[in-house]
Amino acid sequence: MLEALIEPLQYGFMQRSLIIAILVGLLCAIVGSYLMVQRLALLGDAISHSVLPGLAIAFLLGANIYLGAFIAGVISTIAIAWIRTRSPIKEDAAMGIVFSAFFALGVTLITVIQKDNKIDLNHFLFGNILGVTVNEVRDTATIAAIVLLTVFFLYKELLFYTFDPLGAKAAGLPVNRLNFGLMLLIALTIVASMKAVGVILVLSLLITPGATAYLLVKRLHQVMILGAIIGVFSSVSGMYLSYFYNFPSGPAIVLVVSGLFVFAMLFSPRHGVLIPSRKQT
């Protein structure tokens, strides 16, 4: 058993991949907790799909593709807010309009690029964590540090805003800045996670660990801590499954975290489908 755990660590690509997996599992679970509590899962989906044209344009310009992805994510959040405030269109519809348009543009640009350049669309959509470089590990660690420090220092304000936006506004908190700041954190988290699971599967890591933890504990900080543990465990387990059974790494990670959610859904002491007597007491 111990030999099986140690064997992948002999290889540099697995060492780098496991570091990315741990960082991404931690980051997505903590930031995703806010999305889940605010019932804004669709927003995470919208931003994750919207980064694709930024990747393509940055590639064409010879710029950093992750910077391009982040800029596209920010533009998409601004577009959603603009549609919501300047028209009678509701926020969920605005998200659907923006993310589908951005995603279609991204796929179109990458398809055009593929005619003259060797660029694999599947790596952007589903991740390629086994191909991470030392520089990408450094970039992901930097993003993770920025996001986690921001969450730590603004925890109380974000907590108040998350559960009671009107109360936070009445108390004098800059709710618009908090909302936009949270969107920036989500965009950064998605950019950091692209190499691991891709823009299609990143929503699962953003939402599922927090949702699983929510079935087991009550308070937000508990959801974050337990969700982070679930996210890291799922990411590392998925990497080992990918190594030993030749599964695609991104989908393997998502399958593990989804399996844990199903287990919690069935056996949670407070909400378990198979434990109805506990729910009624």
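Nothing in this text is a laboratory measurement; each read-out follows from the coordinates by a stated rule. Since this is a predicted model, take the numbers as computed values, not measurements. Every residue, glycine among them, receives a Cβ derived from its backbone with ideal geometry; neighbour counts consider all protein chains shown.
Annotations
- Residues in region 67-77 carry Karplus couplings, in order, of 5, x, 5, 5, 4, 4, x, 5, 4, 5, 5 Hz; the curve used is 6.51 cos²θ - 1.76 cosθ + 1.60 with θ = phi - 60°, and Gly or Pro positions show x.
- Under the Karplus curve 6.51 cos²θ - 1.76 cosθ + 1.60, θ = phi - 60°, whole-Hz ³J(HN,Hα) for region 50-64, x wherever Gly or Pro sits: 7, 6, 4, x, x, 4, 5, 5, 4, 4, 4, 8, x, 8, 5
- Each peptide in 213-223, 197-207 was scored by the mean count of other Cβ atoms within 10 Å over its residues; highest first, the order is 197-207, 213-223.
- Cα centroid separation - region 162-178 against region 189-204, whole Å: 29 Å
- Computed over the chain, relative contact order equals 28 percent, with contacts defined as Cα pairs under 8 Å that lie 6+ residues apart.
- Region 51-167: relative contact order in percent, alpha carbon pairs under 8 Å with at least 6 residues between: 22 percent
- Relative contact order %, region 171-281, counting alpha carbon pairs below 8 Å whose residues are six or more apart: 23 percent
- Global form of region 126-249, assessed from the alpha-carbon gyration tensor, a/c cut-off 1.5: prolate
- Taking a point 7 Å out from the Cα of Arg219 in the direction of its Cβ, none of the residues of region 12-34 has a backbone N less than 11 Å from it.
- Anchor Lys156: aspartates and glutamates whose Cα lies under 15 Å away (excluding residues fewer than 8 positions away in-chain): Asp164
- Test item: Cα-centred dipole of the chain, Lys/Arg +1 and Asp/Glu -1 on Cβ, debye: 760 debye
- For region 150-167, Karplus couplings with θ = phi - 60° (6.51, -1.76, 1.60), whole Hz, Gly/Pro x: 5, 4, 5, 6, 10, 4, 5, 5, 5, 4, 4, 5, 5, 8, 8, x, 5, x
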